[in-house]
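The values are calculated or read from the model by the stated rules, or taken from the named source; none is laboratory data. Just so it is clear, the structure is predicted and the values come from calculations on it, not from any experiment. Note: ideal-geometry Cβ built from the backbone for every residue, glycine included; neighbour counts use all protein chains shown.
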């Protein structure tokens, strides 16, 4: 134990020296000349984290420098977001970005940055949001749910994370359908599914179908509707909101961005590398295995997604008076 | 199950897998034992490595770390009164007093036995009746969880023994500290006093490291510089019976071990709780049913058994909702969920159908890990007890550096180091005024669940508190809470009466 402590101490000291050396600015040479950090504003092991780590493991092949994932969780990703927004736009600090980080300053006025304080590099994927109910509820599909909810306004409960993509997506749909539901806030998708499985709430709204597929296959849950552009390949019988007549498309993205003001040649390099990684056979193979639907968008197309999301969410936030 | 067993055994019993499990245990025990380094952090660091290992190896590695880490915290808790992991906070209460009496060897052995037995039974339960337990766990809605948390909180009164009022005060402060940050529903900031970094709330690990390790550092400094205050630590006893758990002692503690195991499995199976809670509830239950409750806090072997069995039994329990429902119960199982997904194993009802071979191989890995855990921990024992003879002037400065580094690395945020120092000072002040620090941590851990479950329950019942008393499972916990409070008051009174009677007797004997 003591010896171990000593060894660890020496290692820390050594690491300190190495880091100190790393900060010496090198002006010569072409970008990148030192390791690149990707900040994940969430804890380790989550979806964003895994996407970022996958990206980080393939990117060095094309960048010629290591890519290090650093978790900076807290404050619903605002802390990590601020860190990158404030970072030097030199291309050595990047952000694993989701709408939670850059679109939700729409709600949180205290967020110390704006949606467009980042330079978009590319979108890796997007997840399919869905609603599901326990099989014993009096509705087995979304049409029946709608007619039930119409005759029982404010009685049907739904569980999801408050004031993030799931709740705002749900509210956009409920608003268009003229329905009233009761919201039960939970901490994450898993808790929403748990509450629905236990029969404590009527509907689970999750930001990714991955959390419900297994329960749908076991006939414990009915998947009622997805909020994506098209049906999910794992839930071929579940309609999209658009199919049943409500124009709500919201699919939380994951992608890579940098602080605003990256030098053009650095941005160009990063976008090129991003494209190479996304089209890398190994990368595609691993992402497929983890059930992540790749939905690559590059540069300005990614920027357009932010814009769309921001408009969609601003509308409902203003209408419901949700802004903080 | 049987049809999976043979292919599963073939899948697991490779040299690589055995090596990986042993390595995981070793890493877990080491990291768990060093205050400041924490297991979720190491699991997160190992995560990318497991992506490139075969699924059984990757998952076994993390399970080894999980088991080892939950146990490892007890080593520093017993030897230097500083829990290496939150799960071991309850172990300090009796482990350190035992070490001061020269019985460190006995306490460490009890910790190994308790941990391994708790783990083993909970793994067997996981393997045999996971689906049934998961169904029961699902019955716990917000109302039931709220009552359960209230029950867990009331064990604090027991844990804080002589200073009940001070213990409750500390627990309330813990609940208060948890309310700092974003409101769980509206997202608005509470008590952040304009500090941006507080939006995310008080980070748990720096809070914990400060409260236990840094405060102990200050206590040790004080003892070093003020003469006559030094902790009298008896050298490791020469009597072999003080360095092992005798069969008689073990037999006397079997009920405690079984009870703590059941508590651990139950707490583990409920998402959102965890090993620290299980350890404290087990400890409180053991004290309340003990024949010698007055020994608790002064070096009771029963206390060490209760806490250590209780926390390690969680490891099997926490895998129940993870594997059967895809719902992680704590920080480490949350990361493990990622590993399962990366390997194309989607936890949930059809996991056993689709990937039976892999899952049963993982189960074999769990049992093998238990056996290896016993041997690796026993081997380490000799090394660990040497720690007692190391000068604290050397030991604690090293610990404090690791603590600062550990606080920083979780979120790579210097603010977290300030949080650690703040709670170090607070913990020191509390210790000076005889406020127990463990209830503060318990209040902090339980505060989150207490608030969200109450809010959810009230939303669902349209603001009525009635369901707390009318829903059967919830009612059971309400009754248990009331019973627990009255029972501990009764026990306290009995102890007081006994002391009074003894004094009277002494007085009567004096004149003669």
Next item on the list: Residues that are more than 23 Å from residue B:48 (Cα to Cα): find the helices (runs of 4 or more DSSP H) completely inside segment A:26-102 holding 3 or more of those.
Entry: A:78-86, A:99-102
Margin query: Need the failing condition index for residue A:234 against (1) within 17 Å of the chain's Cα centre (by Cα); (2) not assigned by TED's automatic domain parsing to the domain that holds residue A:172, just the number.
Written below: (1)
Notebook entry, point to check: Taking residue A:158, is it more than 14 Å from the chain's Cα centre (by Cα), surrounded by 17 or more Cβ atoms within 10 Å (Cβ to Cβ) and more than 24 Å from residue B:456 (Cβ to Cβ)?
Noted result: no
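Within segment B:52-81, track down each residue that is within 18 Å of residue B:365 (Cα to Cα) and over 17 Å from the mean Cα position of the chain (by Cα).
In the first step, residues of segment B:52-81 are kept if they are within 18 Å of residue B:365 (Cα to Cα); the result is B:53-71.
Scanning segment B:52-81 gives B:53, B:54, B:55, B:56, B:57, B:58, B:59, B:60, B:61, B:62.
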Next item on the list: Might you let me know whether segment B:415-431 holds any residue that is within 14 Å of chain A (Cβ to nearest Cβ), in a helix (DSSP H, G or I) and under 19 Å from residue B:89 (Cβ atoms)?
Entry: yes
Item checked: Lone unmet requirement of (1) crowded, with 19+ Cβ neighbours inside 10 Å; (2) free of Cβ contacts under 8 Å to residues at least 12 places away in the same chain for residue A:254 -> (2)
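For residue A:39, indicate whether it is within 19 Å of residue A:261 (Cα to Cα), more than 14 Å from chain B (Cβ to nearest Cβ) and touching a strand residue (DSSP E or B) at 6+ places or on another chain (Cβ under 6 Å). First the steps, then the outcome.
Values: within 19 Å of residue A:261 (Cα to Cα): yes; more than 14 Å from chain B (Cβ to nearest Cβ): no; touching a strand residue (DSSP E or B) at 6+ places or on another chain (Cβ under 6 Å): yes.
No.
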Checklist line | Failed item in (1) in contact with a strand residue (DSSP E or B) (Cβ under 6 Å, 6 or more places away or on another chain); (2) part of a loop (DSSP other than H, G, I, E, B), with residue A:120 passing the rest | finding: (2)
Item checked: Given (1) within 11 Å of chain B (Cβ to nearest Cβ); (2) under 22 Å from residue A:298 (Cβ atoms); (3) in contact with a helix residue (DSSP H, G or I) (Cβ under 6 Å, 6 or more places away or on another chain), number of the condition residue A:57 does not satisfy -> (3)
Note to self: Tell me whether segment A:54-75 contains one or more residues that are under 22 Å from residue B:203 (Cα atoms), within 14 Å of the chain's Cα centre (by Cα) and in contact (Cβ under 8 Å) with a residue 12 or more places away in the chain.
What the structure shows: yes
Next item on the list: Only residues that are free of Cβ contacts under 8 Å to residues at least 40 places away in the same chain and either crowded, with 19+ Cβ neighbours inside 10 Å or outside the structural domain of residue A:152 (by TED's automatic domain parsing) (or both): list them for segment A:184-195, please.
Entry: A:184, A:185, A:186, A:188, A:189, A:190, A:191, A:192, A:194, A:195
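Would you list the helices (runs of 4 or more DSSP H) that sit entirely within segment B:171-273 and hold 2 or more residues that are out of contact with any helix residue (DSSP H, G or I) (no Cβ under 7 Å at 6 or more places or on another chain) and farther than 26 Å from residue B:41 by Cβ?
Values: elements: B:204-209, B:215-225, B:247-252, B:254-269.
In segment B:171-273, B:215-225, B:247-252, B:254-269 are the helices (runs of 4 or more DSSP H) which contain 2 or more residues that are out of contact with any helix residue (DSSP H, G or I) (no Cβ under 7 Å at 6 or more places or on another chain) and farther than 26 Å from residue B:41 by Cβ.
Among the listed residues B:453, B:412, B:407, identify the single one that is surrounded by 24 or more Cβ atoms within 10 Å (Cβ to Cβ) and within 14 Å of chain A (Cβ to nearest Cβ). It would help to see each step written out before you state the result.
Details: B:453 fails: surrounded by 24 or more Cβ atoms within 10 Å (Cβ to Cβ); B:412 fails: surrounded by 24 or more Cβ atoms within 10 Å (Cβ to Cβ).
One residue alone meets the criteria, B:407.
Return the residues of segment A:125-152 that are farther than 23 Å from residue A:248 by Cβ and away from every other protein chain (no Cβ under 14 Å); say none if nothing qualifies. Break it down stepwise before answering.
Within segment A:125-152, the subset farther than 23 Å from residue A:248 by Cβ is A:134-136, A:138.
A:138 - this is the single residue of segment A:125-152 that is farther than 23 Å from residue A:248 by Cβ and away from every other protein chain (no Cβ under 14 Å).
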Note to self: Given (1) closer than 23 Å to residue B:337 by Cα; (2) under 18 Å from the mean Cα position of the chain (by Cα); (3) surrounded by 23 or more Cβ atoms within 10 Å (Cβ to Cβ), identify the lone condition not met by residue A:287.
What the structure shows: (3)
Check: Restricting to segment B:97-108, what's the tally of residues that are surrounded by fewer than 23 Cβ atoms within 10 Å (Cβ to Cβ), touching a helix residue (DSSP H, G or I) at 6+ places or on another chain (Cβ under 7 Å) and part of a helix (DSSP H, G or I)?
Finding: 0
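Looking at B:329, B:274, B:348, B:297, can you tell me which residue is at pLDDT below 90 and over 20 Å from the mean Cα position of the chain (by Cα)?
On the way: B:329 fails: over 20 Å from the mean Cα position of the chain (by Cα); B:274 fails: over 20 Å from the mean Cα position of the chain (by Cα); B:297 fails: over 20 Å from the mean Cα position of the chain (by Cα).
Sole residue among the options that is at pLDDT below 90 and over 20 Å from the mean Cα position of the chain (by Cα): B:348.
Which residue out of A:309, A:295, A:300 is in a helix (DSSP H, G or I), touching a strand residue (DSSP E or B) at 6+ places or on another chain (Cβ under 9 Å) and over 30 Å from residue A:181 (Cα atoms)? Can you show your working first?
On the way: A:309 fails: over 30 Å from residue A:181 (Cα atoms); A:295 fails: in a helix (DSSP H, G or I).
Criteria check complete, one pass: A:300.
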Checklist line | Inter-residue pairs, beta-carbon under 8 Å, first more than 14 Å from chain A (Cβ to nearest Cβ) and under 19 Å from residue B:371 (Cβ atoms) and in segment B:20-36, second crowded, with 24+ Cβ neighbours inside 10 Å and modelled with pLDDT under 90, 6+ apart | finding: none
Next item on the list: Considering each residue of segment A:60-80, count those that are within 11 Å of chain B (Cβ to nearest Cβ) and touching a strand residue (DSSP E or B) at 6+ places or on another chain (Cβ under 7 Å), and give that number.
Entry: 8
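For segment B:316-396, give me every one of the helices (runs of 4 or more DSSP H) that falls completely inside it and has 3 or more residues that are surrounded by fewer than 20 Cβ atoms within 10 Å (Cβ to Cβ). Before the answer, list the steps.
Working: elements: B:331-342, B:351-354, B:356-386.
Result: B:351-354, B:356-386.
Out of curiosity, is residue B:399 crowded, with 21+ Cβ neighbours inside 10 Å and either within 11 Å of chain A (Cβ to nearest Cβ) or closer than 16 Å to residue B:76 by Cβ (or both)? Walk me through it before giving the result.
Details: crowded, with 21+ Cβ neighbours inside 10 Å: yes; either within 11 Å of chain A (Cβ to nearest Cβ) or closer than 16 Å to residue B:76 by Cβ (or both): yes.
Spelling it out, residue B:399 is indeed crowded, with 21+ Cβ neighbours inside 10 Å and either within 11 Å of chain A (Cβ to nearest Cβ) or closer than 16 Å to residue B:76 by Cβ (or both).
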Check: Inside segment B:422-455, can you point out the residues that are more than 23 Å from the chain's Cα centre (by Cα) and under 22 Å from residue B:281 (Cβ atoms)?
Finding: B:454
